[in-house]
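All remarks here apply to the structure that follows.
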Amino acid sequence: MSSGIMLLLIVLAVSTLLDPLPLDLNSASEEDLCRLHGVGLSTAKAIVEYRETISAFCSVEELEFVPGVGPATLESLLPFITVECPDVPADRSHFLREGEPDDTLLTVAFLDVGNGDAILLQAGESTWLIDGGPPGEGAMRAPVVQRLRECGVESLSVVAFTHPHADHIGGCRDAMEVFHCNMLIDPGIDFASGVYEGLLQYAMDSQCGYEVLSGEDSWNLSDDVLLQVVWLERGAGSPNEASAVYLVTCGNFTLLLTGDIENETIMRMTPFQTPVTVMKVPHHGSRSSLFPPWLRKTAPQFAVFSCGRDNPFGHPHTEVLRAWEDTGARILRTDRQGNIFLYTDGESINFAYSFLP
């Protein structure tokens, strides 16, 4: 070997030591990660556990979701880490044909109730309301009452709710009174508020049926439609995080109703998540519910945002809209399209809209 080549190899070796190649987060060992400044053994273990149990990294920014890695640590590591993420085509195998169903087996209405959620499910003889939106102002009935009338609803089989915040239960009592509902289903989350206590008192005074979710509940809304509770953590850190998550299934159609779950709960759900046709985006499109690996796993054909026009929270947040669009989902919004109606026979899907004051 010539002295010139030998000198070049020595220079390359020294430069590598002084300026090492960035570590790939998806392949680096715990030992390699521990060589990074500010990364101890516990953090290195957490990084490996994250990529093996939750998701491979698709960007270095996702490192911030790993326990023990905060914004300052991430910023200091950026020059020394990289992500080699295979460019795998997005899964579209669960997408349904768009068009008028041959025979509508399930109708879903995402009701335009302003700042809140209210979802109507109609299948066979069953008419369920999941969440009731906010209460009315003064002596006025809650917005959900007018929206249900617009849908031609005469009676409700069941009113259920994901969690007891006022923007989800404020209209439940009015809906039960006006539409003669005799069954209330409660996730059983520990929370004190006048709205929640008033709803429970109404259920007691009216002697309607009352059930508390067990966490493994399921109901056949018809021979073709199944409603299941797929996640419920009453001990989560807040009522939002504790929201009951419902899955609606009709043939090859699936709809995930997520309440206001946020990233702590979403991270725990992610290893078990499967793709869905339609996603009711959690927490009205708040950035507190933006966990990229979960978005990639759900990979919905449609993402529905339930939020009020010109709301003071800025929902949906711009980065959340962009993230769902990046999954390939088509975006639907109650603040833009009003009531959003979905019709399916389990093989095809169709939408209609009514934008009303």
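All of the numbers you see were taken from the coordinates with simple rules; none came from a lab. The structure presented is a predicted model; accordingly, all values stated were derived computationally and were not measured. Glycine also receives a Cβ, built like all others from the backbone with ideal geometry; neighbour counts cover every protein chain displayed.
Brief remarks on what is shown
- The magnitude of the dipole of the chain, with charges of +1 and -1 set on the Cβ of Lys/Arg and Asp/Glu and taken from the Cα centre, is near 520 debye.
- Alpha-carbon radius of gyration plus Dmax, which is the widest Cα pair, for the chain in Å: 24.3, 96
- Highest-MSF residue in the chain out of MET267, MET176, MET204 [GNM, Cα springs under 10 Å]: MET204
- Note, ³J(HN,Hα) from phi for the range 308-319, Karplus 6.51, -1.76, 1.60, rounded to Hz, x at Gly and Pro: x, 5, 6, 6, x, 8, x, 6, x, 5, 4, 5
- Packing-based exposure ordering (other Cβ within 10 Å, fewest first) of LYS280, LYS45: LYS45, LYS280
- Put simply, the Cα atoms of the range 162-232 extend 36, 26, 20 Å along their principal axes, the longest span coming first.
- Phi-based couplings in Hz for the range 246-257 (Karplus 6.51, -1.76, 1.60; Gly and Pro marked x): 10, 10, 9, 10, 9, x, 8, 8, 9, 9, 9, 9
- Shown for TYR343, TYR353: other C-beta atoms within 10 Å of each C-beta, ranked fewest to most, produce the order TYR353, TYR343.
- With the charge dipole of the range 97-354 set up from +1 on Lys and Arg Cβ and -1 on Asp and Glu Cβ about the Cα centre, the Cα lying farthest toward the positive end among the listed residues MET183, SER286, VAL195 is that of SER286.
- Loop-located GluC sites (Glu not before Pro) in the range 183-221 (DSSP state not H, G, I, E or B) with no more than 13 neighbouring Cβ atoms inside 10 Å: GLU216.
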